[in-house]
Amino acid sequence: MTEHADMKDFSACALRPPEQVMRLARLGSLHQCRLSFMRQLTRRLSSEGWRFSRAAFEIDDRGVGHAVYCAKGPERTYSLVAFAHDLPDHLRSDRVIAEAWDATFALFDGVPDRDDIARLSRNVPVQEAGRISESELSLSRANRSVRLWTHVVDRLATGQQPDPDVITEVGYLMRTTAVYGSGKFGAADREVIADRPEMAAPFQAEMLSVYLTRWFVRDMVEHMARVQGGENAVALDPALARRLGIGNSTGLGMAPFLVNHPMLVNNWILVRETALARVRALPSATASEIALFRDLLTRSAKAVQRWRTEHPIQLARLAALRADLARVLPHVAEGLDADHPWDTLLTWAEGSLSLEGQELLVSLMLEPYGDIIDGLGPCMAAVEQAGFRIDGSMPLHQVKTLIEQQFPWALETDWTAPEATARAWYVSEEKLEPRLGQRHEEPIAPYEQPLAPGRDAALLHADLGDWPGDTPLAAFLLKHPEHRHSARRVQIAAKAPYGEIRDNTIGADMLPIDMLRAKLSFFGATSFDPRSDRWIRITMFAGAPYPPELTEDNADFWVYPEAGA
Amino acid sequence: MSLSLNETESLAKTAAKGAGLCWGMAEEAAKATRWLCARGIDACDPLVALLFRHDEEGHAQTGPERLDGDWHGAEGWLCPVACGAALSDLGKAASLPLTLTRVALPVFLLPFAASIAREFEQPVTLSWDSGQAVADGDAVALDAPPPPMSDVVLTLGGPLLAETPRHSRAETDQMILVSLGIYAARTRAPATEASRLAGAGAGLTDND
């Protein structure tokens, strides 16, 4: 049954306010939770009894060819069409501007026939340079982790299993460098599939594509080991295979998404906050709920121990998180049988833990309560169109008040200070790659994308100053069309308060990785490993059962490493 | 060529910005293009014509000078997107019947007329030199493409429309896309080696 997060939840339980939640530092500390899109997917696939099959694996001894993996649900089948390539090392780049990859993929809506495969074989391997059709729901590519790939192939080829420590250190055999969905390069728009129950939650097609890709990658590495080792080769130990996720390398392209989809982001955050409020409102916890929480907390601590990064920002956060866990584990050993245990725990955490620690605890507190939370999952989708029309009858004094309520930080910012506008988001001519530049040092300001809602709201507020307060917004916008996008934004922020980042997105000290991590955490990513302030590697589906192994027992908590795993 | 509606909207928005519209107006042009294409009305071709006119004539004020009385543009013509946006902003405060003098590519008025029809809870009829159209909420009836420039009269009322069949793709000519692409390209910064490295924040090979 689908429940809806609505205004009732605002009054019934205390939601953490947007001013607290929508700060970049906190968004950059979010962790996956049971509402994450990967976990919504695996729960659904198991509860509906989806069947999985490998329909084709026509890969030669050089590792070149194609494969098809099918997922058959109650009403429809989706197929991952994978193309494997022989990529010279010097062409292996995770950047969007790359032109060749180790493997390329499309998620096909249905079961492809020979003609579909032939058509896709001409288009999918060249990615952005090709065209796909309304029969395809996503387009993606992946590169090998050369180090782990070589290690695993060499070991399996000689009849040995790979070193578990090397597996832990890297975490994946291939990493995707882009997963395009929703209409990109000719694919079907989200609207085409949004009414299907299995696609109601956000990014389910993309998550399914990655989940099937992980299966293909395991088959590929075993295939290459057989080619190399012949009869000596062995299959990958299932327990080791399960530890492997699919890596992902994400650059700046994902950051504008968070600013450009305020209604959607609002629903993601609002649903998670609503779930948290419901849990905090519980007067007591049962023994089994407490036991599950403690078990997952311990397993989570293990995942944090395994988490590898070399970036100084994340190293510092990770050190704080490990210190947090050292405080949390003894703290929760007792007291959870008291009145309103989760509310009490979070209040303690807010005074005692880093943002990483607080948000990890929030995610864990939701775990025992699927029965009151999981129904919210489909509410995380949004129709952006709903906020598009501007209410031009709104008097200007009300527009001003909305800005003062939703953008107080922006009105307090001195926008004439160079550091306040140090950056500008732009799109490069070359392969249309989104970039972030230094406004005062590079000639990029004329190309700036509208990704600074705070600054723009402050500019609008300033220009409203001279107009009589009872003038309708329509009359103002007739004379000031340059404020049109900002006026729309301000009205959306009033309807969707969790859709607006409450920080300066063009300031000198802004970290794009905070925006990337917020989005990736909702996907269900783990092991955040920033490679710079604007580029991050993560792992997806690590610990998950492979599709043929999926059962109701293992579909939910796979993200937390089991004892011994 | 078959485009997804998201691609169409995204290209239309960037092209409109490249032709000199401000971001908010470019968003309106893009949503209007998508709305028309989703109802089987080719909007990419007229969009090129509209953007060409904007580009040729500079980026002067092309919306109505005043909202009371008949609408006129300061430059002797009206942009249908600017007029449509003003109509949509007014909603029920729009005073119909309303005469718009010399509107370029009036087909772009249809999505906005449909939007105010929803506000008024009755159809809106648009009449121009050689014909007319009716718009109502999600539905539209258009017999023949309107002329490239015409006076337009909007009146409340008109025949109730059957649901308009939805199209999930935009079908358009390759050359039209090339034209839109030329405008869109103006929004993009030329790459330099420095921006290639610093701007995206990553190196160029990943053999690890």
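Values in this text are rule-based calculations from the coordinates and carry no lab data. Computed from a predicted model, the values in this text were never measured in an experiment. Here the Cβ is made from the backbone with ideal geometry for all residues, glycine too, and neighbour counts use every protein chain on show.
Between A:Q438 and A:D553, the modelled label-to-label distance comes to 5.9 nm, taking each label 7 Å out from Cα in the direction of the beta carbon. Antiparallel beta bridges, as assigned by DSSP with both residues in chain B, represent about 90 percent of the total such bridges.
Return the average number of partner chain Cβ atoms within 10 angstrom of each residue Cβ along peptide B:183-190. Numbers along the way, then the final one.
Details: counts 0, 2, 2, 3, 7, 8, 15, 6.
Mean shielding count: 5.
Here A:E222, A:E549 are placed in order of increasing Cβ neighbour count within 10 Å, fewest first, which gives A:E549, A:E222. Averaged over peptide B:168-179, the number of partner chain Cβ atoms lying within 10 Å of each residue's Cβ comes to 1.
When DSSP beta bridges are restricted to pairs lying wholly in the stretch A:37-251, around 90% turn out antiparallel. With respect to chain A, whose longest principal axis is taken over its alpha-carbon atoms, helix A:146-157 is tilted by about 30°.
The longest stretch of chain B left intact once loop-based GluC sites (Glu not before Pro) with at most 10 other Cβ atoms within 10 Å are removed from consideration, loops following DSSP, is B:1-120. In this structure, the residue pairs whose Cα-Cα separation is over 22 Å, taken from A:K184/A:K519; A:K400/A:K495; A:K400/B:K31; A:K184/B:K17; A:K72/A:K184; A:K184/B:K31, are A:K400/B:K31; A:K72/A:K184.
Peptide A:421-427 is shielded by partner chain Cβ atoms: per residue, an average of 2 of them sit within 10 Å of its Cβ. Measure nothing but the geometry: give the 0 to 90° angle between the long axis through the Cα atoms of A:204-229 and the longest principal axis through the Cα atoms of chain A, rounded to 10°. Compared with the principal axis, the helix lies near 30 degrees.
Kindly rank A:384-391, B:99-106 from highest to lowest mean number of other beta carbons found within 10 Å of each residue. Could you put the intermediate results ahead of the total?
On the way: A:384-391: 16.6, B:99-106: 21.6.
Ranking the peptides A:384-391, B:99-106 by packing returns B:99-106, A:384-391.
The GluC sites (Glu not before Pro) found in the stretch A:412-487 that occupy coil by DSSP, while having at most 14 further C-beta atoms within 10 Å, are A:E441. Distance between the C-alpha centers of the stretch B:115-179 and the stretch A:261-333? Whole Å please. The stretch B:115-179 and the stretch A:261-333 have Cα centres separated by 52 Å.
The modelled label-to-label distance for the pair B:H167/B:E65, using points 7 Å beyond Cα in the direction of Cβ, is 3.8 nm. In units of the compact-protein estimate 2.2 N^0.38 Å, the stretch B:43-171 shows a Cα radius of gyration of 1.01. Please say if the stretch A:37-251 is rounded, prolate or oblate, where rounded means a/c under 1.5 for a ≥ b ≥ c the square roots of the C-alpha gyration tensor eigenvalues, and otherwise the choice is prolate for a/b larger than b/c and oblate otherwise? Judged from the Cα gyration tensor, the stretch A:37-251 comes out prolate (a/c at least 1.5, a/b above b/c).
Stretching B:R186 away from B:L96 to a fully extended chain increases their span by 28.6 nm, per 0.36 nm per residue minus the current alpha-carbon distance. Taking Cα atoms, how many degrees apart are the long axis of helix A:287-306 and the longest axis of chain A, rounded to 10 and kept between 0 and 90? It works out to around 80 degrees. Residues whose amide H lies under 5 Å from that of B:V103, counting only those 5 or more places away or on a different chain, are B:L78, B:S150, B:D151, B:V152; hydrogens are built 1.01 Å from N in the peptide plane.
Placing +1 on the Cβ of every Lys and Arg and -1 on the Cβ of every Asp and Glu, with nothing else charged, gives the stretch A:37-251 a dipole about its Cα centre of roughly 400 debye.
Can you put A:V559, B:V178, A:V64 in order of Cβ neighbours within 10 angstrom, beginning with the fewest?
On the way: A:V559 27, B:V178 10, A:V64 13.
Neighbour counts put them in this order, fewest first: B:V178, A:V64, A:V559.
On the beta carbon distance between A:A386 and B:F120, with R0 = 25 Å, the FRET formula returns roughly 0.80.
For a protection proxy built on the mean count of beta-carbon atoms within 10 angstrom, sort B:124-133, A:175-184 highest first, please. All intermediate terms of the calculation are to be shown ahead of the outcome.
Values: B:124-133: 19.1, A:175-184: 22.8.
Ranked by mean Cβ neighbours within 10 Å, highest first: A:175-184, B:124-133.
Please work out the C-alpha center-to-center distance from the stretch A:519-540 to the stretch A:442-497 and express it in whole Å. Cα centres, the stretch A:519-540 to the stretch A:442-497: 32 Å. Of the GluC sites (Glu not before Pro) found in the stretch A:294-373, those that fall in a DSSP loop while having at most 15 other beta-carbon atoms within 10 Å are A:E310, A:E334. Taking the alpha-carbon centroid of each part, what is the distance from the stretch A:40-83 to the stretch A:407-422 in angstrom? Spelled out, the Cα-based centre of one part sits 50 Å from the other. With an a/c value of 1.5 or above and a/b larger than b/c for the gyration tensor axes a ≥ b ≥ c computed over the alpha-carbon atoms, the protein assembly as shown is described as prolate. Exposure proxy for A:T250, A:T347: other Cβ atoms within 10 Å of each Cβ, ordered fewest to most, give A:T347, A:T250. Phi angles of the stretch A:99-106 translate, via the Karplus equation with coefficients 6.51, -1.76, 1.60 and θ = phi - 60°, into HN-Hα couplings of 10, 8, 9, 6, 8, 10, 9, 9 Hz per residue; Gly and Pro are given as x.
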